[in-house]
Amino acid sequence: MSKTAIFLCTIFIWSVSLSQTTSTVAIIPQPAQLEQKQGFFTLPSNITIQTTGTADLKQTINDLQKQISLSTGYKTFVSTNSSNAIIKFEINKTENNIIGNEGYTLSVTPKNITIKANKPAGIFYGVQTLMQLFPPEIESKSLVKGVDWKAPCVEITDYPRFGWRGLMFDVSRHFFTKQEVEAYIDQMAKYKFNLLHLHLTDDEGWRIEIKSLPKLTQVGAWNVYGVGQFGTFPVPSPSASRNYGGFYTQEDIKELVQYAKERFVNIMPEIDVPGHSLAAITAFPELSCSDGAGNIGVASGEPIKDWSTHTALYDDNLCPANENVYEFLDKVVTEVAQLFPFEYIHMGGDETFKTFWKSSAAVSELMKKENLKTYEEVQSYFEKRVEKIVESKGKKFMGWDEILEGGIGPNAAVMSWRGPQDGVTAAGTTENVDGGTIAARLGHDVVMTPTQYCYLDYMQSDRIMEPHVYASLRLNKVYSYNPMPASLTPDQQKYILGTQGNLWTEQVFNFRQAEYMTWPRAFAIAENAWSPASVKNWDNFVTRVEAQFKRFNVEQVKYAPSMYDPDFIPSYNADSAVVITLKNEVNGLQIHYSFDNSYPDKFYPVYTGPLTVPHYATQIKLITYRDGKPIGRMISMPIEELEGRLKGDNDD
Ligand code: ACM
């Protein structure tokens, strides 16, 4: 036997013997170091949890007790005495430097469970990992009978790769209630996200009460109800009811901040200016540079911009040449800074189409006075003034990529969302790279969230299966992302704070869809942000995603099963017939198909290679199977749709 064969044989025997005494460990994000041991810990019906005495962990322990008792029906007790405790926490032990402020060690033995950490956050993350070791039914909010409540024995040492592990939730395009945001935080925290970026203002709604400017929410939080393809609705009639939307009172915000804090999540507010400001301009038209701005009202899903030419159809920009704008922003930022303890305030800066600035006498005057040569420099002038306002409230300023154009402010942090931009080069070079790389080279802090890997509003599957958005992003592409830009030196790498996913909600009309768009792609983002690159593995990740699906089924959290939908790649053969190539992102699946309009099952032909569409066929129907069981959704793809794609009629 060759050495390789002996090795494989040994692995096989080891895994067979281990599998008799263990079950699969399937944790997301994958821990930095995990050693599975023989045997199990089984929950007794009276469970004593040792308190840490740390106020920061009160909620963690309450939630743990609640979760265990609701699903198992077992009794839980807290005690300061470690001798009778079977779940033990040890905090402020500094012997393990590698785990830092958010890391932990978790030891599960047949007798007990011990989580150790330097700081409360580490204990919290250890508890999240522990819960994933128990059967999915532990997530149930009601009693489940007949479950063997056991966790495999493990030794884990775990800590994050990045300190910034975020999700952005756009609560402006569609409003989501405080309870829904809390439910979003609950899920985030389970996967060790620590940052919720709330996109609080945009053309479609101003969502935060500013007591000194009540019109912002009296007027700016309400638009006209519509469902369908957002962005294509007609301009509402002037008499249409403007009663759709909502906002968070300052009390709501305080409660959200506290709720998040108890789950070790910070909330970063975003006030998106100077563009994307139609809601504010509708309340205060005098803050724009043009007559009649705001007359259209808070945007309600009608087209307000031409995205192909970067032209504004209606003015949604604050006027950089109007001193009242800076006074307005000072009032807004003063109150926002008091509500959110997080160190950064995000002030937007993206997609400021300069259409109406270009025809503004006030902006021309400003350009002369300040010697500004381009409209990017005008925006830069605005951003630098806003940066000063933010800093005057004791906060740090962050903005989207565009704040680099025309010159970045002295201390600004960049949230990098675009890839390389034409004509934008890295400092001191002619290299065309993304804004995050440029900013890090200039010594500015950066959060990486490029559209092509991190945009959770993009479609996850073929466009015929999803509400239409202009681009797609499949799970494996998200998972392939390495947030550390390749060309940075070790010195520059320290400016990359981390990464986040962005859920824009133009096409997200309800919270179930927000969940669907977020999961499972946010599992991939969680792992990109937390796990060492060396432990990432796609096939293994898929297995772990499926384990989380089981938990979500119990919790009744919606997720997308899109990873089981194949990609359709159409082409023509030499006879001009359409040929369909199918590509699965998950390995080991079988696709059964029909061209005769009937619903395929496992007795139908299995896809083995490119299919020539038979004469007269109008659709291919297919479904993916694993080991003889259906796993994917039924997909009916019209041949006309594929022909349209070949002719270039359809975008993504
Ligand atoms: C953005 O996607 N406009 C930041």
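The values are calculated or read from the model by the stated rules, or taken from the named source; none is laboratory data. Keep in mind the model is a prediction, meaning the values are calculated, not measured. We place every Cβ from the backbone using ideal geometry, glycine too, and count neighbours over all the protein chains shown.
The figures follow:
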item: Answer residue from region 617-643, given it is in a loop (DSSP other than H, G, I, E, B) and in contact (Cβ under 8 Å) with a residue 24 or more places away in the chain and is surrounded by the most Cβ atoms within 10 Å (Cβ to Cβ) among those; result: GLY632
item: Close pairs from region 538-560: first in contact (Cβ under 8 Å) with a residue 60 or more places away in the chain and part of a loop (DSSP other than H, G, I, E, B), partner buried (at least 20 other Cβ atoms within 10 Å of the Cβ) and basic (Lys, Arg), Cβ under 8 Å, at least 6 apart; result: ALA560/ARG521
item: Among (1) modelled with pLDDT under 95; (2) within 16 Å of the ligand (Cβ to nearest atom) - the single one GLU466 does not satisfy; result: (2)
item: Number of positions in region 182-218 that are over 18 Å from PRO341 (Cα atoms), surrounded by fewer than 24 Cβ atoms within 10 Å (Cβ to Cβ) and among the β-branched types (Val, Ile, Thr); result: 1
item: Pair list, Cβ < 9 Å and 6+ apart or interchain, from region 385-407 residues that are touching a residue at least 60 places away in the same chain (Cβ under 8 Å) to residues that are of a type in the set (Asp, Glu) and within 16 Å of the ligand (Cβ to nearest atom); result: MET398/GLU270
item: Filter result for the condition that a residue is within 16 Å of the ligand (Cβ to nearest atom) and surrounded by fewer than 20 Cβ atoms within 10 Å (Cβ to Cβ), over SER241, SER277, SER237, SER308; result: SER308
item: Number of positions in region 13-37 that are of a type outside the set (Val, Ile, Thr) and modelled with pLDDT under 95; result: 7
item: Filter result (assigned to a loop (DSSP other than H, G, I, E, B), among the aliphatic types (A, V, I, L, M) and more than 22 Å from PRO269 (Cβ to Cβ)) within region 372-412; result: LEU372
item: VAL224 vs. criteria among the β-branched types (Val, Ile, Thr) and either in contact with a helix residue (DSSP H, G or I) (Cβ under 8 Å, 6 or more places away or on another chain) or buried (at least 23 other Cβ atoms within 10 Å of the Cβ) (or both); result: no
item: Where a residue in region 313-326 is without any contact (Cβ under 8 Å) to a residue 40 or more places away in the chain and its partner, wherever it lies, is aromatic (Phe, Trp, Tyr) and surrounded by fewer than 24 Cβ atoms within 10 Å (Cβ to Cβ), with Cβ under 9 Å and at least six apart; result: TYR314/PHE356; ASN324/PHE284
item: Among (1) more than 23 Å from GLN338 (Cα to Cα); (2) aromatic (Phe, Trp, Tyr); (3) in contact with a Lys or Arg (Cβ under 7 Å, 6 or more places away or on another chain), the one test that PHE233 misses; result: (3)
item: Which numbered condition GLU466 misses (of (1) closer than 28 Å to LEU582 by Cβ; (2) out of contact with any Ser or Thr (no Cβ under 9 Å at 6 or more places or on another chain)); result: (2)
item: Close pairs (7 angstrom Cβ cut-off, 6 or more residues apart or separate chains): at positive phi in region 243-267, assigned to a loop (DSSP other than H, G, I, E, B) anywhere; result: GLY245/PHE175; GLY245/ALA221; GLY246/PHE175; GLY246/ALA221; PHE264/ASN194
item: Enumeration of residues in region 470-509 that are among the β-branched types (Val, Ile, Thr) and without any contact (Cβ under 8 Å) to a residue 60 or more places away in the chain; result: VAL478, THR489
item: Single residue of region 396-411 satisfying the filter (more than 15 Å from the ligand (Cβ to nearest atom) and more than 17 Å from LEU198 (Cβ to Cβ)) that is surrounded by the most Cβ atoms within 10 Å (Cβ to Cβ); result: ILE408
item: Matching entry among THR430, THR451, THR437 (being within 16 Å of the ligand (Cβ to nearest atom) and not basic (Lys, Arg)); result: THR451
item: Exclusive hit being of a type in the set (S, T, N, Q) and assigned to a loop (DSSP other than H, G, I, E, B), set SER598, SER571; result: SER598
item: Members of region 484-518 that are assigned to a strand (DSSP E or B) and within 16 Å of the ligand (Cβ to nearest atom); result: THR499, GLN500, GLY501, ASN502, LEU503
item: In region 439-472, residue surrounded by the fewest Cβ atoms within 10 Å (Cβ to Cβ) [restricted to those that are of a type in the set (A, V, I, L, M), in a loop (DSSP other than H, G, I, E, B) and touching a strand residue (DSSP E or B) at 6+ places or on another chain (Cβ under 6 Å)]; result: VAL469
